[in-house]
1. What are the ³J(HN,Hα) values, in whole Hz, obtained from phi via the Karplus relation 6.51 cos²θ - 1.76 cosθ + 1.60 with θ = phi - 60°, for each residue of the range 370-387 in sequence order, with x given for Gly and Pro?
2. Probe radius 1.4 Å, ligands and nucleic acids ignored: give me the carbon and sulfur share of the accessible area of the range 271-397 as a rounded percent.
3. Take the alpha carbon atoms of the range 118-144, find their center, do the same for the range 198-235, and report the distance between the two centers in whole angstrom.
4. Explain nothing, just the number: dipole magnitude of the chain about its Cα centre with +1 on each Lys and Arg Cβ and -1 on each Asp and Glu Cβ, in debye rounded to the nearest 20.
5. Could you give the alpha-carbon Rg of the chain over 2.2 N^0.38 Å, rounded to two decimals?
6. According to the square roots a ≥ b ≥ c of the eigenvalues of the Cα gyration tensor, what is the shape class of the range 265-342, taking rounded for a/c under 1.5, prolate for a/b larger than b/c otherwise, and oblate for the remainder?
7. Note down the accessible area of Leu353, probe 1.4 Å, to the nearest 10 Å².
8. Spelling out what I want: for every residue of the range 34-41, take phi, set θ = phi - 60°, compute 6.51 cos²θ - 1.76 cosθ + 1.60 (Karplus), and round to whole Hz; glycine and proline get x.
Amino acid sequence: MLLSLIAVSGVVAGWSLLARRLEQWKITAPIFLVLAGVAASFTIERGLADALDGHVAERVAELILAVLLFVDATDVRGGLFGKEPRSAVRVLFVALPLSLALAVLLGLWLLPDLDWAMLVVVACVVMPIDFAPAASILRDERIPERVRDLLNVEGGYNDGIVSPLFIFALVLAGDTSHAVTPWDALSSAVPQAIKGIVVGICVGAVLAGAANVAGRRGFMTGQSRRLILVAAPLLSYGLSVGIGGNGFVSAFVCGIAIRYLWHTPGIRDDLELIDDSGFVLTAAMWFVIGAVAVLALSSVSWRVMVFCLLALTLVRMVPVAVALLGTTFSWHDRLLIGWLGPRGTTSIVFGLLAFNALADHEQADSLTMVVVVVLGSVVLHGLGAPAAAHAYARSHPGQTGPPV
């Protein structure tokens with residue numbers, strides 16, 4: 001464990017020293033951390049595997065997810081659903097459920113050894129998008145602004161929407177005695193989600209209201225505004241779990257409440273500390289994926305490879321295209337939105353939570369899925385996204401701006 005901590009800290013420090021030059025070379029932080037993890041895997045592999053499968057690792061992963069959900073919820077610009085609210089609702093509540101269902105059906109065909117509960121867990125791991133491995137997509141002016149806005153909303157909300165389903169399926173998949181029925185899991189998950197929503201709204205509203213009053217009276221400093229945004233997801237998560245609620249839902253809803261109830265012109269600056277804290281926490285996750293990649297990929301089957309490839313492409317693209325029928329988005333726009341769906345930190349954290357909750361024979365499956373889909377996304381979207389933006393700009397001359 002100590003060796004793993006030293007390795008992660010050293011790699012983050014190394015990236016910090018070379019960040020600007022690496023950015024010029026189009027080497028993102030996730031790519032750098034994954035490569036460093038692969039290099040380090042030959043010396044820390046066993047210790048890292050033991051550290052991942054433990055109570056402490058599970059708690060750390062839960063806190064990381066709570067922070068990420070909060071940050072994502074506060075990062076949406078425009079209205080509650082951005083500048084294209086109707087299209088955003090379609091993508092989140094039509095395309096996302098359709099893609100999860102398609103992933104489960106695909107798994108029934110390609111992964112017959114997994115039961116339906118495990119397939120739902122897998123779908124929740126591989127389908128939510130996250131722009132950490134390809135953050136330049138949201139800044140690339142060759143992609144229409146309305147497309148980038150829609151992707152930003154989807155990336156901000158999809159993990160929070162999926163998390164209750166993930167927890168529900170994980171309870172069933174992790175029950176090796178089969179004593180828990182779907183009704184038992186559902187009757188437990190729904191009250192937990194309701195409690196999480198209530199706690200998230202209350203904590204977010206109280207903190208935002210108090211910050212508004214304190215700000216008007218000059219009681220807050222720049223540092224204290226940043227710190228309250230670090231405390232908010234931890235407070236909402238802890239209170240929700242303390243009363244038997246869903247801490248992930250609570251942190252997510254708290255972020256939405258603070259984003260729209262705290263009246264401060266500099267909220268983007270105030271979010272820098274929690275953004276940086278989230279980056280440090282997720283850096284460890286990317287390093288872990290690199291460190292276990294060699295072991296996970298050494299025994300991967302062709303069925304898993306095909307499943308993950310389709311999950312990264314058609315299983316997302318078809319539902320998005322269907323959901324956006326009847327909107328003002330052209331077919332080129334719909335295909336672009338469907339293609340630009342990188343997977344990243346959310347998949348990693350969901351996968352690590354599944355790794356700790358599942359039986360031994362299913363742990364390897366969950367970890368392999370995460371490694372294949374995340375590394376596949378780094379290749380497909382890290383390289384494919386700029387190519388897609390270039391192709392779109394060429395086919396729509398004069399409608400887009402220059403590259404990043």
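The values are calculated or read from the model by the stated rules, or taken from the named source; none is laboratory data. Note that the structure is predicted; figures quoted are calculated from it, not measured. Cβ: placed from backbone, ideal geometry, glycine included. Neighbour counts: every protein chain shown. Areas reflect the complete protein model, heavy atoms only, side chains present, ligands, DNA and RNA absent. Shrake-Rupley method; radii C 1.70, N 1.55, O 1.52, S 1.80 Å.
1. For the range 370-387, the Karplus curve yields 4, 4, 5, 6, 6, 5, x, 5, 4, 6, 5, 8, x, 9, x, 4, x, 5 Hz.
2. On the way: 3260 of 4640 Å².
Here it works out to 70 percent.
3. So the two Cα centres are separated by 30 Å.
4. 1280 debye
5. On the way: Rg = 20.6 Å, N = 404, 2.2 N^0.38 = 21.5 Å.
Cα-based Rg divided by the globular estimate yields 0.96.
6. Working: a/c = 4.62, a/b = 1.05, b/c = 4.41.
Taking the square roots of the gyration eigenvalues as a ≥ b ≥ c, the range 265-342 is oblate.
7. Approximately 10 Å² for this residue.
8. Per-residue couplings from phi come out as 5, 4, 5, x, 4, 4, 7, 4 Hz.
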